[in-house]
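Student: Below is one structure. I have some questions about it.
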Amino acid sequence: MSVPGNSVPSLRIPPWLRVKLPCSHTYGDTRSLVDDLRLNTVCQSAKCPNMFECFSSGTATFLILGNVCTRNCAFCNITPGQAAPPDPDEPRRVAEGAARLGLSHVVVTSVTRDDLPDGGSAHFAATVRAL
């Protein structure tokens, strides 16, 4: 099908491929909480297409040790580069975020930190203790 006056055919997205993005106060509340506590989520850092669904459900996958990965692999969409030192207050903020969201189960993941002698395991342990 062509658009009148245009020789380039217009592309139609089939109905089964169209997704209505959820937009609710819960999405905004979750987004605000993440921003207020300066938390990273894999949802945002990896540009996950399900972020709207998760945030609208009041959930998020916490990403610790920053939002810059020390590797440049093709596995995810997280920005590679030189990472900042771990934030010693991050474990407390992750625990506060989980509590404020009322989560009974928490998913925590991290960027790869080849620059740290322990790969970030001590920071992971601190986050688990805080939770």
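Student: Can you find, among GLN82, THR41, GLY66, the residue farthest towards the positive end of the dipole of the chain? Put +1 on the C-beta of Lys and Arg, -1 on that of Asp and Glu.
Tutor: Of the options given, the answer is THR41.
Student: Given a 1.4 Å probe and every protein chain left where it sits, what share in percent of the accessible area of the chain is carbon and sulfur?
Tutor: 58 percent
Student: Search the structure for amide H atoms under 5 Å from the amide H of ILE64, placed 1.01 Å from N in the peptide plane, and list their residues when 5 or more places away or on another chain.
Tutor: Distant-sequence amide H within range of ILE64: THR109, SER110, VAL111.
Student: Quick one: angle between helix 25-36 and the longest Cα principal axis of the chain, in degrees between 0 and 90, rounded to 10, please.
Tutor: Rounded to the nearest ten degrees, it is 40.
Student: Right, something else. Multiply the residue separation of ASN72 and THR26 by 0.36 nm, subtract the distance between their alpha-carbon atoms, and state the gained length in nm to one decimal.
Tutor: Numbers: separation 46, 0.36 × 46 = 16.56 nm, distance 3.37 nm.
Extending this stretch completely gives an extra 13.2 nm.
Student: For the pair ALA84/LEU103, report the inter-label distance in nm, with labels modelled 7 Å from Cα in the Cβ direction.
Tutor: Calculated label separation equals 2.0 nm.
The values are calculated or read from the model by the stated rules, or taken from the named source; none is laboratory data. On a predicted model such as this, the values are computed, not experimentally measured, just so you know. When we count neighbours, we look across all protein chains shown, and the Cβ atoms used for this are built from the backbone with ideal geometry, even at glycine. Just so you know, the surface numbers come from the protein's heavy atoms only, side chains and all, with ligands and any DNA or RNA stripped out. Shrake-Rupley method; radii C 1.70, N 1.55, O 1.52, S 1.80 Å.
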